[in-house]
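Engineer: If you scroll down you'll find the structure; I have some questions about it.
The values are calculated or read from the model by the stated rules, or taken from the named source; none is laboratory data. Being a predicted model, the structure only gives us computed values, none of them experimental. All Cβ positions, glycine included, derive from the backbone under ideal geometry; neighbour counts span all protein chains shown.
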């Protein structure tokens, strides 16, 4: 069991994937909705965004949290993201929590329109890593879009695995086939 230093620490940690606990913590501590856990330099919304935790991001939005550019991308809200990037073009190259790129967040949506939106706005950082986001979304369309835009398939995830290794381990045959085809063409 993890030992938390305070309720904010627990909230942000659980925003990486435990929606039920996030709801309980916000019921008890609504003032923490948009608070930043300084040790990780991360808010609950940013945690939900980079882990693809749509249910948590939606819960935070319902409670009044402001969406980050990464959250809009992860949720596949291309129109809202396009408007934000029009007002703030610098956000296309501004990473989210832990330095995770906007392209990765967009890939987590599995939505080609969202990927195209950030690409047109100038997002280029993290193209190879974004392949892992498309895998997380289990989106062949997003994966193919990334590969067509020059993504490689050798980037390692946070556990030191290639996208092909992840797809094979999880039995995602269609994604694995696309990655194998790309890997053989890179040789």
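Engineer: Sort out which residues of the range 11-60 are without any contact (Cβ under 8 Å) to a residue 24 or more places away in the chain, more than 17 Å from the chain's Cα centre (by Cα) and either assigned by TED's automatic domain parsing to the domain that holds residue 96 or buried (at least 20 other Cβ atoms within 10 Å of the Cβ) (or both), and write them in order of number.
Structural biologist: 25
Residues checked against (1) at pLDDT 95 or above; (2) under 21 Å from residue 115 (Cα atoms):
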residue: 126; (1), (2): yes, yes
residue: 139; (1), (2): yes, yes
residue: 142; (1), (2): yes, yes
residue: 182; (1), (2): no, yes
residue: 187; (1), (2): no, no
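Engineer: Determine whether residue 138 is without any contact (Cβ under 8 Å) to a residue 60 or more places away in the chain, under 16 Å from residue 74 (Cβ atoms), surrounded by fewer than 16 Cβ atoms within 10 Å (Cβ to Cβ) and within 19 Å of the chain's Cα centre (by Cα).
Structural biologist: Criteria met by residue 138.
Engineer: Suppose the filter is within 15 Å of residue 50 (Cα to Cα) and either out of contact with any strand residue (DSSP E or B) (no Cβ under 6 Å at 6 or more places or on another chain) or not assigned by TED's automatic domain parsing to the domain that holds residue 175 (or both); does residue 132 pass it?
Structural biologist: Against the criterion (within 15 Å of residue 50 (Cα to Cα) and either out of contact with any strand residue (DSSP E or B) (no Cβ under 6 Å at 6 or more places or on another chain) or not assigned by TED's automatic domain parsing to the domain that holds residue 175 (or both)), residue 132 qualifies.
Engineer: Right, here's the next one. Cβ-Cβ under 6 Å, sequence separation 6+ or interchain: first residue in the range 77-90 and in the same structural domain as residue 103 (by TED's automatic domain parsing), partner not in a helix (DSSP H, G or I). Which pairs?
Structural biologist: Close Cβ pairs (under 6 Å, with a partner that is not in a helix (DSSP H, G or I)) amount to 85/121.
Engineer: Collect the residues in the range 102-123 that are assigned to a loop (DSSP other than H, G, I, E, B) and either modelled with pLDDT under 95 or closer than 18 Å to residue 54 by Cβ (or both), keeping them in residue-number order.
Structural biologist: Selection gives 110, 111.
Engineer: Taking residue 100 and the conditions (1) more than 17 Å from residue 71 (Cα to Cα); (2) under 13 Å from the mean Cα position of the chain (by Cα), which numbered condition does it fall short on, given that it satisfies the others?
Structural biologist: The one condition residue 100 does not meet is (1).
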